[in-house]
1. Starting from the Cα of Ala107, step 7 Å along the direction of its Cβ; do the same at Ala120; then give the gap between the two resulting points in nm.
2. Defining a contact as two alpha carbons under 8 Å apart and six or more residues distant in sequence, what relative contact order in percent does the chain show?
3. Please report, as a whole percent, how much of the solvent-accessible surface of the range 1-96 comes from carbon and sulfur atoms (probe radius 1.4 Å).
4. Return the Rg/Rh ratio of the range 51-97 with Cα-based radii and a Kirkwood Rh.
5. If you take all C-alpha pairs in the chain, what percent of them are over 19 Å apart?
6. Tally Lys and Arg at +1 and Asp and Glu at -1 over the other residues with C-beta under 15 Å from the C-beta of Arg106: what net charge comes out?
7. What net charge is computed for the residues neighbouring Leu80, neighbours being all others with C-beta under 9 Å from the C-beta of Leu80, Lys and Arg scored +1, Asp and Glu -1?
8. With labels modelled as points extended 7 Å from the Cα through the Cβ direction, what inter-label distance (nm, one decimal) is found for Leu70 paired with Val7?
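The values are calculated or read from the model by the stated rules, or taken from the named source; none is laboratory data. Here the structure is a predicted model, which means the values were calculated and not measured. Methodologically, a virtual Cβ is constructed for each residue, glycine included, from the backbone with ideal geometry; neighbour enumeration extends over all protein chains shown. Accessible surface areas use protein heavy atoms only, side chains included; no ligands, DNA or RNA. Shrake-Rupley method; radii C 1.70, N 1.55, O 1.52, S 1.80 Å.
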Amino acid sequence: MTEAVLVRRIAARPAIVFDALVNADAIASWWGPADEPIISAQWDPRVNGSFQVRFRTADGREHECAGQFLEIDKPTRVVLTWRWAHGGEPDEVAADHVSRVEFRLRAIDTGTELTLIHSALTTEVSARSHEGGWGGAFEKLLRLFPATSQQQ
């Protein structure tokens, strides 16, 4: 099993960034790779609550991920399970595999350092694919905040 890790610095306080991670309307504005549209987002951000997000990729295919919230510790951490309900990474779909996504938020002088760890992925190919998808999503997330936000 392997993982994808991304770190971004965001020019906003952790509580504000945290809200963008747990609010369904905010999720609809940044979730999914690149500039591809979110078709639907159902989000119940509480321990044992579920989520489901459906989006379309540039090739016109629809993908849907779903899972359950495992931990919510405002404003420092959100942990959830992740599985592909439709479309998605072939290695993960074939095994009906459940992985784990953790968002860690840490206050820094310029705002928030946001770390994403998507772990328990089945292959290195899957990890790189998810890393690319999350990278595109984070680019959209950074646009919600001032231009001083950056990659690390």
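1. So the two model labels end up 3.2 nm from each other.
2. On the way: 360 pairs, mean separation 51.0, N = 152.
About 34 percent, as a whole number.
3. Working: 2190 of 4640 Å².
Looking at the range 1-96 in its full context, I get 47 percent from C and S.
4. Dividing the radius of gyration by the Kirkwood radius yields 1.08.
5. On the way: 5697 of 11476 pairs.
Value for the chain: 50 percent of Cα pairs lie more than 19 Å apart.
6. Numbers: positive: Arg8, Arg9, Arg13, Lys74, Arg77, Arg104; negative: Asp73, Glu102, Asp109, Glu113.
Summing Lys and Arg as +1 and Asp and Glu as -1 gives +2.
7. Values: positive: Arg100; negative: Glu71, Glu102.
Counting the neighbours of Leu80, the net charge comes to -1.
8. Placing both labels 7 Å beyond Cα along the Cβ direction yields 2.2 nm.
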